[in-house]
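Engineer: Sharing a structure with you now.
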Amino acid sequence: MSRIATTFEKLGASGRKALIPYICAGDPFADGTVELMHALAAGGADVIELGVPFSDPMADGPVIQKAAERALAKGIGMVQVLDMVRTFRQKDASTPVVLMGYANPVERYDQKHGADAFVKDAAAAGVDGVLIVDYPPEECAEFAAKLKAHGLDLIFLLAPTSTEARMAQVGQIATGYVYYVSLKGVTGAGNLDTAAVAEAVPRIRQHVKVPVGVGFGIRDAASAQAVGRVSDGVVIGSRLIQLIENEAREQIPAVATAFLRDIRNALDAL
């Protein structure tokens, strides 16, 4: 059983919801990501989504786009991201880490380092799952099999526009959890409609056997709690990045921990 599956099983057994923060590797400080990851775990993160910087993050809004631009300007690429996970694992062997990003950095890594190098090196570094925004399920069977062979989960996005057929396709191949995009638009957008989320999640569960996490538009304890009532977990990224992007380096871990702890307490109060 994967670290992600084990985490969700333990949470489910105790009636708790998963808290899944997203940060962009290398932002706001190239050498501060590992420390920030530990701060997120200290604040109650159950899974950490670590964004792989990319020049054209089409699913992301301005906040995460700018974070990726800042990280790229500091020379952060897949090699550095995997090294961050490897270093994180020296002190934390239990918190699952999911790499979230786009096809280009993965395929470029294999071009430079050899066929299937990404999957092998991600597993060796201690990565637990991969979410590639622009890999649709119908094109992922071979990639999914390679990940599975190395103990990695393949996580997919579903959206309000996803058809029943698309949900069924994802349900056949997804492992770990699925990430339901709570609204039409990009990360960081507003207008979270919790009633619509409450309608969508049961439909997804008809097709998907793995837990359902919900993200996009979750900004505080109240919105996290509202989504947590109807899902297995909440994903929060843009608001977290906004909080830390202009902080002094030495303050970032404490700010991140305090913010997540409020979300954690709200979820645990359900």
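Engineer: Given the criterion surrounded by 21 or more Cβ atoms within 10 Å (Cβ to Cβ) and on the phi < 0 side of the Ramachandran plot, identify the matching residue among Val52, Val79.
Structural biologist: Within the list Val52, Val79, the selection yields Val52.
Engineer: Another question, then. Kindly indicate whether Pro28 is more than 17 Å from the chain's Cα centre (by Cα) and closer than 19 Å to Ile218 by Cα. So that I can check it myself, show each step before the final result.
Structural biologist: Numbers: more than 17 Å from the chain's Cα centre (by Cα): yes; closer than 19 Å to Ile218 by Cα: no.
So Pro28 fails the test.
Engineer: Also: Whether any residue in the range 74-85 is more than 18 Å from Gly217 (Cα to Cα) and touching a residue at least 60 places away in the same chain (Cβ under 8 Å) is what I want to check.
Structural biologist: no
Engineer: Quick one: is Val197 at pLDDT below 95 and outside any loop (DSSP other than H, G, I, E, B)?
Structural biologist: Answer is yes for this residue.
Engineer: Out of all the residues in the range 16-33, which are farther than 18 Å from Gly237 by Cβ and either touching a residue at least 60 places away in the same chain (Cβ under 8 Å) or touching a helix residue (DSSP H, G or I) at 6+ places or on another chain (Cβ under 7 Å) (or both)?
Structural biologist: The one that is farther than 18 Å from Gly237 by Cβ and either touching a residue at least 60 places away in the same chain (Cβ under 8 Å) or touching a helix residue (DSSP H, G or I) at 6+ places or on another chain (Cβ under 7 Å) (or both): Arg16.
Engineer: Being touching a Pro at 6+ places or on another chain (Cβ under 8 Å) and acidic (Asp, Glu) is the filter here, so list the residues in the range 14-68 that pass it.
Structural biologist: Result: Asp27, Glu35, Asp46, Glu49.
Engineer: Please go through the range 247-269 and pick out each residue that is free of Cβ contacts under 8 Å to residues at least 40 places away in the same chain and surrounded by 12 or more Cβ atoms within 10 Å (Cβ to Cβ).
Structural biologist: Passing the criteria: only Val255.
Engineer: Then there is this: Could you list, in sequence order, all residues of the range 223-270 that are among the acidic types (Asp, Glu) and in contact with a strand residue (DSSP E or B) (Cβ under 8 Å, 6 or more places away or on another chain)?
Structural biologist: Listed by number, the list holds a single entry, Asp232.
Engineer: Scan the range 129-146 and report the pairs whose first residue is farther than 20 Å from Glu49 by Cβ and whose second residue is among the charged types (D, E, K, R) and surrounded by fewer than 13 Cβ atoms within 10 Å (Cβ to Cβ), with Cβ atoms within less than 6 Å and a gap of 6+ or a chain change.
Structural biologist: none
Engineer: Of the conditions (1) modelled with pLDDT of 95 or more; (2) more than 30 Å from Lys66 (Cα to Cα), Glu138 fails just one. Which one is it?
Structural biologist: Glu138 satisfies every listed condition except (1).
The values are calculated or read from the model by the stated rules, or taken from the named source; none is laboratory data. Small disclaimer: the values here were computed from a predicted structure and weren't measured. Don't worry about glycine lacking a Cβ; one is built from the backbone with ideal geometry, like all the others, and counts go over all protein chains shown.
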